[in-house]
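Colleague: Pasting in a structure now, in structure tokens, and then I'll have a few things to ask.
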Amino acid sequence: MPRFLPVGKDAQGAARFLLAALPALGALLTALAITGDLVGRMARNHPWASFAAFGCAALAVFLGAVAAFGLRENSMEERRVLYLGLVVLGAGLVFTVYAGVKTWGDRPQPSITVTPKRGSVVGISVRGTGLRSSDHLVVEVEQLLRVTDGRGRVSWKPGQPLYGASLGPDSSGAIEENVDVPLPAGDFDDVGARAWVGDEPRPCYTRGTTTGCVRVHIPRPEERPQLAVLWETYVRAPRVLIRLKARNLPQRPSRSITLRVYGIVAGQPPRSLAEWSLAPDADGVFDHHLSVVVGRAFSDVCIVASISTREPACPPAVENGTVWTRLAVPAPQ
């Protein structure tokens, strides 16, 4: 008796079909156009159906080999194994069709990135694919406010909206949008951006995460005043030219800069020559040029600028928001 028995003539077609199960599965995948990255998407998005499809195909090959080489020709066991193999192969093909159709219907979640740029500007980049012609991708950018609960845990809640859009897909079902969003003056350091299709999702800026949601910390420290002073001596009475700059001054509570110019004579209290209370622009930026006539009645001038006090002395006490300078009045030429 030979070691491997031949398959009965009635079952040869079935045995050959089972031995060709994997090529048959590949032909079905090709017919469904599930090739390349789509096969990977099928395995990622529907792992159980994909595993069942390939597992059934492998089992069908094994059963075909058992029927062809391990069982007696024209025996009842041979027929039962072949019939079982055909059922398993059919189940594998059904799982393949199911996973392929489900993969076709999958809608990838949109992706969104936030990139800090120059000054107080962030770049928002949104990508979406696999959208229907009736779908709209909603984008929302907003400031985030830090909240601390009774246990000291920090979370974030949405604040002032900064940008919003509803975008439609192109003919291929894709969306690609890039936009620059200016940020308000230094009221906050965190920005949140979300992108979704369909119903608005729950807020996602706390400890949980959601696809299409990003929170970015953008440090913008408040800048101390920058004070520059220059004498103008070609005029009859000396004048002092002052340039005062600062950035990221908050709007809530509003901050102003107090600027004072004192004339100093030895043995006498300083005399106030000029005083201003100046506010930043809508972007929290302050940049002013001023000039003060000093004359020759004083030996020195003292100039002080402060965002921390409205009545700065000169020289002032050491304060983070105060700068000052003292200059001798130039002698006549």
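The values are calculated or read from the model by the stated rules, or taken from the named source; none is laboratory data. Keep in mind that what you see is a predicted model, and the values were worked out from it rather than measured. A quick note on method: Cβ atoms are made from the backbone with ideal geometry, for glycine too, and the neighbour counts reach across all protein chains shown. Just so you know, the surface numbers come from the protein's heavy atoms only, side chains and all, with ligands and any DNA or RNA stripped out. Shrake-Rupley method; radii C 1.70, N 1.55, O 1.52, S 1.80 Å.
Colleague: Checking Cys204 against (1) modelled with pLDDT under 85; (2) over 36 Å from the mean Cα position of the chain (by Cα), only one condition comes out false. Which one?
Modeller: In the conditions (1) modelled with pLDDT under 85; (2) over 36 Å from the mean Cα position of the chain (by Cα), Cys204 misses (2) alone.
Colleague: Here's another thing I want to ask about it. Are any residues in the stretch 319-329 surrounded by 13 or more Cβ atoms within 10 Å (Cβ to Cβ) and either of a type outside the set (A, V, I, L, M, F, W, C) or out of contact with any Lys or Arg (no Cβ under 8 Å at 6 or more places or on another chain) (or both), and if so, which ones?
Modeller: Taking the stretch 319-329 first, the residues surrounded by 13 or more Cβ atoms within 10 Å (Cβ to Cβ) are 319, 321-327, 329.
Listed by number, the residues that qualify are Glu319, Gly321, Thr322, Trp324, Thr325, Arg326, Leu327.
Colleague: Name the residues in the stretch 125-138 that are surrounded by 14 or more Cβ atoms within 10 Å (Cβ to Cβ) and outside any strand (DSSP E or B), would you?
Modeller: Going through the stretch 125-138, the residues surrounded by 14 or more Cβ atoms within 10 Å (Cβ to Cβ) turn out to be 125-131, 135-138.
Selection gives Thr129, Gly130, Leu131, Asp135, His136.
Colleague: Would you say Lys102 is under 25 Å from Ala43 (Cβ atoms) and either of a type in the set (Lys, Arg) or open to solvent by less than 90 Å² (accessible area, probe 1.4 Å) (or both)?
Modeller: Details: under 25 Å from Ala43 (Cβ atoms): yes; either of a type in the set (Lys, Arg) or open to solvent by less than 90 Å² (accessible area, probe 1.4 Å) (or both): yes.
Yes.
Colleague: Return the residues of the stretch 207-221 that are at pLDDT 55 or above and either in a loop (DSSP other than H, G, I, E, B) or loosely packed, with under 15 Cβ neighbours inside 10 Å (or both); say none if nothing qualifies.
Modeller: Here is the first cut: in the stretch 207-221, the residues at pLDDT 55 or above are 211-221.
Of everything in the stretch 207-221, those that are at pLDDT 55 or above and either in a loop (DSSP other than H, G, I, E, B) or loosely packed, with under 15 Cβ neighbours inside 10 Å (or both) turn out to be Thr211, Gly212, His217, Ile218, Pro219, Arg220, Pro221.
Colleague: Is it the case that some residue within the stretch 139-147 is surrounded by fewer than 11 Cβ atoms within 10 Å (Cβ to Cβ) and free of Cβ contacts under 8 Å to residues at least 24 places away in the same chain? So that I can check it myself, show each step before the final result.
Modeller: Just the residues of the stretch 139-147 that are surrounded by fewer than 11 Cβ atoms within 10 Å (Cβ to Cβ), to begin with: none.
Within the stretch 139-147, not a single residue is surrounded by fewer than 11 Cβ atoms within 10 Å (Cβ to Cβ) and free of Cβ contacts under 8 Å to residues at least 24 places away in the same chain.
Colleague: Another question, then. Pick from Ala52, Ala57: which is touching a helix residue (DSSP H, G or I) at 6+ places or on another chain (Cβ under 7 Å) and modelled with pLDDT under 80?
Modeller: On the way: Ala52 fails: modelled with pLDDT under 80.
From the options Ala52, Ala57, the qualifying one is Ala57.
Colleague: In the stretch 273-316, how many are among the polar types (S, T, N, Q), over 15 Å from Leu327 (Cα atoms) and loosely packed, with under 13 Cβ neighbours inside 10 Å?
Modeller: The initial filter retains those residues of the stretch 273-316 that are among the polar types (S, T, N, Q), namely 277, 291, 299, 306, 308-309.
This time we only want the ones that are over 15 Å from Leu327 (Cα atoms), so: 277, 306, 308-309.
With the extra rule that they be loosely packed, with under 13 Cβ neighbours inside 10 Å, the set shrinks to 277.
Residues flagged as among the polar types (S, T, N, Q), over 15 Å from Leu327 (Cα atoms) and loosely packed, with under 13 Cβ neighbours inside 10 Å within the stretch 273-316 amount to 1.
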